[in-house]
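Laboratory data are not the source of any read-out in this text; all were calculated from the coordinates shown. Everything numeric in this text was worked out from a predicted model, so none of it was measured. Heads up, the Cβs are rebuilt from the backbone with ideal geometry, glycines too, and the neighbour counts pull from every protein chain shown.
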Protein chains: 2
Amino acid sequence: MTEHSLWRFSRALHRAINERQPADLEALLDEEVDWAIYGPIDMYPFFGSRRGKAAVMEVIRQIADNFRVHRFDRESIMLGVDSAASMMRYSLTALDSNKPISLRIAHFAQFKAGRLTNLRVLVDTFDLVEQTVGYPIHLPRMAV
Amino acid sequence: MTEHSLWRFSRALHRAINERQPADLEALLDEEVDWAIYGPIDMYPFFGSRRGKAAVMEVIRQIADNFRVHRFDRESIMLGVDSAASMMRYSLTALDSNKPISLRIAHFAQFKAGRLTNLRVLVDTFDLVEQTVGYPIHLPRMAV
């Protein structure tokens, strides 16, 4: 039984971010990879949609310039033959401020021949924004 | 081949919200269902963690009091024997203001004997907050 593509991808991703060693990750991206992290692109320019290996590697470089991953816990996971989805909790450090950031994300990934062809990431963005600016944003109570 | 529990749950959920007919949904919840929608509970009190059928039905009542579902598209989906995960795009109307709200969510669900035992929902919360308050929230650009 071979290892699921997700595990290799996950190791390579964290190595690219924390050790700034992107070669493993680059080898695991399809040339035409379809990539999106949904979130406020005004605040974090590396959010948004990308197409192709070079564009995604630039996103990874920007993430590596801004964050270090301390730990992550996979709270939910589903694995298919060539697909995977997880809900994860990340503990990060923002490198410019040295502030800890705790973040929940969900991802849906598709692989082909071991390479990532499609990734969709949803982030608990309001929580991220508050932690990043460092103060609570006042919200009216909307629901009855 | 029997229908996956997700489809029955999804129909019952939307019926409970849009037609305020919660009986089908109630029958599909495990007595001890473990439920969480991650998001700003100051703004929407029905976000957060709940345990048990009664607490979840109260959440559904509050959602039905505040929103109507116009349409939803499942952008990604994974189905296991007793589990399911999807990334979805919802078009809602906020009933108090009659404002349209477009929202992306990810959910991970577990079923047992056709009943929901565990649900985790992640919402693109910053996008939701901006649409709800009705004006853009100024964000500093944080990444280098």
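Quick notes
- Exam field: B:ILE77 pseudo-label spacings to other copies (7 Å along Cα-Cβ), nanometres: 2.5
- Across the protein assembly as shown, Cα-Cα pairs farther apart than 37 Å form 15% of the total.
- Stretched out straight at 0.36 nm per residue, the stretch from B:GLU3 to B:GLN62 would grow longer than its current Cα-Cα span by 18.4 nm.
- Think of region B:58-111 as having a plus end and a minus end, set by charges on the Cβ of Lys, Arg, Asp and Glu; of B:ALA64, B:ALA109, B:GLY80, B:ALA64 sits farthest toward the positive end of this dipole.
- If you take the Cα centroid of region B:87-144 and the Cα centroid of region B:1-68, the two points sit 15 Å apart.
- Look at the dipole of region A:5-133 built from charges on Cβ: of A:ALA54, A:VAL129, A:LEU6, the Cα furthest out on the positive end belongs to A:LEU6.
- In the assembly of identical copies, B:ARG141 has its label point, taken 7 Å from Cα in the direction of the beta carbon, separated from the corresponding points by 3.9 nm (ascending, one decimal).
- Magnitude of the charge dipole, the protein assembly as shown, Cβ model with Lys/Arg +1 and Asp/Glu -1, debye to 20: 80 debye
- When the inverse distances between all different Cα atoms of region B:33-130 are averaged and flipped, the Kirkwood radius reads 14.2 angstrom.
- Anisotropy class of region B:1-64 from Cα gyration tensor, a/c 1.5 cut: prolate
- Computed E for A:ARG15/B:VAL81 - FRET, C-beta separation, R0 30 angstrom, nearest 0.05: 0.35
- Amide H contacts of A:GLY39 (H built 1.01 Å from N, under 5 Å, at least 5 apart or other chain): A:GLY48
- For A:ASP24, the shell of other residues with beta-carbons less than 9 Å away shows a net charge of +2, using +1 for Lys and Arg and -1 for Asp and Glu.
- Mean Cα-pair separation over length for chain B, i.e. relative contact order, pairs under 8 Å, 6 or more apart, %: 21 percent
- Simple point charges give the picture: +1 on the Cβ of Lys and Arg, -1 on the Cβ of Asp and Glu, and for chain B a dipole about the Cα centre of about 200 debye.
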